[in-house]
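Quick note: the coordinates plus some simple rules give every number you see, no bench work behind them. Predicted model, so just to flag it, every value in this text is computed and none were measured. Reconstructed Cβ throughout: ideal geometry from the backbone, glycine too, with neighbour counts over all protein chains shown.
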Ligand SMILES: [Zn+2]
């Protein structure tokens, strides 16, 4: 089991591609609508495109980013953007380097409880830090079979 991402975080059904994920943003905006913090009402509307960048991190077995409105944004390493389903704003999403992401996922998936799969690279947490946590918990270093030092 891997870390969940935009394919399954924007429901109710999983999405197979980046195009399907993005299509769901627009469908959601057109049908459910975006939340207005002043009125507390959801109103159908277009996705708002921001060129601001938010850092991605892993929380509770999910790739996410924190929207400035307070909402959570589902992310996917294959997508350069994520959309907040509260305010309807699409932001650029910054991930750590691809190898670091892959290594982090490998270390996190050695943890049997999904809620313990957390990684804050935006706060300076390294893959080595995650490995130390696994050792302290008496877990393997990696979720997949792998010989340490050969990767
Ligand atoms: Zn938002």
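List of remarks:
- A full extension of the chain between residue 19 and residue 116 corresponds to an added length of 31.9 nm, given 0.36 nm per residue minus the alpha carbon distance.
- A Förster distance of 35 Å, applied to the separation of the beta-carbon atoms of residue 135 and residue 52, puts the FRET efficiency at 0.40.
- Computed over the chain, the quotient of the alpha carbon radius of gyration and 2.2 N^0.38 Å is 1.14.
- Modelled FRET efficiency - R0 41 Å, residue 38 with residue 126, Cβ distances, 0.05 increments: 0.50
- Working from label points 7 Å from Cα in the Cα-to-Cβ sense, the residue 26 to residue 2 distance is 2.6 nm.
- Site pair residue 92 and residue 69 shows an inter-label distance of 2.1 nm when each label is modelled 7 Å from Cα along Cα→Cβ.
- For the stretch 24-73, the equivalent ellipsoid built from the Cα gyration tensor has semi-axes of 22, 13, 12 Å, listed from largest to smallest.
- The stretch 1-42 shape via C-alpha gyration tensor axes, a/c threshold 1.5: prolate
- Look at where the Cα atoms of the stretch 88-124 and of the stretch 25-78 average out, and the two centres are 18 Å apart.
- For the stretch 49-123: span of alpha carbons on each principal axis (Å, largest first): 36, 23, 21
- Once the Cα atoms are used to define both axes, helix 98-108 deviates from the longest principal axis of the chain by about 70 degrees.
- Rounded to 10°, Cα long-axis angle of helix 18-31 versus longest principal axis of the chain: 40 degrees
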